Every structure is written in C-alpha cells, then in structure tokens.
1. Mind jotting down the three principal axis lengths of the stretch 185-320 based on Cα atoms? Whole angstrom, largest first.
2. Between Glu91 and Leu270, what's the calculated FRET efficiency when r is the beta-carbon distance and R0 is 41 Å? Round to 0.05.
3. Run the numbers for Leu303 and Ser120: contour at 0.36 nm per residue of separation, minus the present Cα-Cα distance, in nm.
4. How large is the convex hull of the Cα atoms of the chain per residue, expressed in Å³ as a whole number?
5. What distance in nm lies between label points placed 7 Å from Cα along the C-beta direction at Ile45 and Tyr58?
6. Set the Förster distance to 56 Å, then compute FRET efficiency between Ala221 and Asn8 from the Cβ-Cβ distance, nearest 0.05.
7. List, in the order given, every pair from Lys88/Lys246; Lys156/Lys308; Lys167/Lys296; Lys199/Lys296; Lys122/Lys265 whose Cα-Cα distance in the structure shown is over 25 Å.
8. For the stretch 91-106, list residues with backbone N below 19 Å from a point placed 7 Å from the Cα of Asn141 toward its Cβ?
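All of the numbers you see were taken from the coordinates with simple rules; none came from a lab. Treat the numbers as computed from the prediction; the structure is a model and nothing was measured. Here the Cβ positions follow ideal geometry from the backbone for every residue, glycine too, while neighbour counts run over all protein chains shown.
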Amino acid sequence: MSYITDKNITDLYREILNEIENSKKNLVSAVNEEMINLYWNIGKIIKREVLKNDKAEYGKAVISTLSRELTLEYGRGYSQRNLFNMVKFYEVFPNKEILQTMSAKLSWSHFVKLIYIEDSIKRDFYITICVNERWSIRTLNERINSMLFERTAISKMPETTIINDLKQLSESNKMSTELFFRDPYVLDFLGLKDCYSEKDLENAILVELEKFILEMGRDFAFLGRQVRITISDKDYFIDLLFYHRKLRRLVLIELKLGEFLPEHKGQVELYLRWLEKNEMTEGEETPIGIILCARKTQEEVELLQLDKSGIHVAEYLTQLPPKELLQEKLHKAIEKAKEKFELKGLE
C-alpha cells in the first residue's frame, strides 16, 4: 500500500500547473490567430467594398461611420485608426495562406508595426528575424528604431541573396553569416564617456553582456573574455569568445580602440587558425572573427580580402548616428555591391 507524501503532492501540483500553463498559452495563441484572421477579413471587405471608390473623402466618411457603429457595439478595437490598419494589413498580406503561417507566432501589435515598413525586403527581414528570435513588440520597436536591417551585412547584398537567405532561415532554420553580422555595431547602451580605454570598452561590454548578446541574436553563447592561448611558448589573449548555435562555429571578437590597421588581420588570423586546430570539434564549421574598431577604410578592408580568412571588420559607435548618415552609407554600399556583381557578370 502506497502513501501520499509531501513530495507526491508537490510533483502532482507541478504536473497540473504545467497543464494549466500550457492550456493558457494554447488558448492565447488560438485567440490571437482568430483575431488576426478577423482583422484581415475586415480589411478585405473595406478595401473591396468601400475604398474601391476613387473618392478618398467618401472612403474616409464611410470608415468613420463604420468605426462609430462598431465601437458602440464592440469597443475600442474598432477605432477609425485601427480600421485603416486592417485595410493596410490586407494590402500588405493579400495572400491569406502565407499570413496564416505567421499569425501563430506574431501578435496584432507586431503586424501593425510591420505593415508600415514600405520596403518589402526590409519588412521580410524583420518578420523572419522576429519569428526566429521570438521578439516581443518592444524588442521589435527597438530593433527597427536602431535601423538593425541597415546595419546588417545582408542589407548590402543583392535582393535575390537576401530573399534566399531569409527563406533558408525560415524554412530550414539555417542562418547565413550575413544575417547576423552588424556594421556598424551601435554600443550606445554601454554608457561610455568621450574618453575610454580599450579595457574600459571591453569591461563595459561584459557588464552589459546580456544586451550585447541580444543585439547579436539569441543563438550566441558567451564562452569567455581574455581567453589565453599559447603558441610556441608565447601567450596571446582573445578579447571575447562566443559560440553560435545555428552557425555551429566559434566566433571571436577583437576590440580595437582606434582605426582598423592591416596588422590586425594577421593577429586575428593567427587566433582563428589556433582555434581551428585546437578547439574545433567534429560537425562544427571553421571559426570566424569580428574586428570591432572605431574607424575603418573600406578600400583597405577590400584589398586585404578578409572574408577569405573568415574575418569581418565592423565599426562601433558610442551613440546612434543620424538616420541620414546610415542611409548614405547603405546607399554607397549597395552601389558598390551592384557594381561588383555586374562586373562579375561581364567576365
């Protein structure tokens, strides 16, 4: 004969609690999907039956009347502004089947933010990463406001490459290096003053390590700082070492207070080859490195052909630069990329 003990009761309680929590999550998810489906249908009806009239004022008047009646009956969710959001929602996502794959993972608040990103490639980037990283609406807002897409290496690639890489991540959970490399990395959250040393920068990053990893993506695992390696009786120190789960490779970060110098390549290349020889395990890809510096000359970086060595150079900024400056840098980078690919096509 068995007796009920305090441990049995605790285990039983936890099991029931898990069932309740799972049920609540499923219920919230089901309600969210149904609400998104409803808003899409309302947007479709208004677009097709009301806004098909060319007179914009007529459409506004009808929506204003609809909003008033619906709000009286069902509450604030049917404000004039939200009805226009529903129309925009339908316009951006006319294919309901594609929408259904996202509605299980994104809330209406997410969609309201995403539908007003006019560039479809940029919007697809944020949708894919948002789903993959499970961003809250607050995180999504922060990433968009910090121009994450413009600072990601993938934004400088041809559209076909971007679409293919996003598709690989979405369908096969495979992430390309271009999707997580950022340039420039914005380190405004570190709270650094005008004058600081390389050690201050490193320590500040480590103090705020959680935020730094979130900027890079949730798949980064922190392994250590000032990781000592010994080569021919000489000690060297890797500033920061991470492991990226989806890429299945070690990622080292070397911090430089000043501008990028050619000799930095040799230093990081030495570290990468040592990691490849001594730390790489079966099934992993070769390690890659990021040189994080205050300034860089694009011509130097290109001439050194760093990508062939698995090295990427990114600028860091202690405060977010004006959007116009980032857009200018992005425009120039896109033009260079197009020229490069056009020349390859002529060869």
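1. 42, 32, 30
2. The value I calculate is 0.15.
3. Length gained, Leu303 through Ser120: 62.6 nm.
4. 255 Å³
5. About 2.0 nm, to one decimal.
6. 0.90
7. Working: Lys88/Lys246 34 Å; Lys156/Lys308 18 Å; Lys167/Lys296 32 Å; Lys199/Lys296 20 Å; Lys122/Lys265 32 Å.
In this structure, Lys88/Lys246; Lys167/Lys296; Lys122/Lys265 exceed 25 Å between Cα atoms.
8. Residues 106 qualify, since their backbone N sits under 19 Å from the label point.
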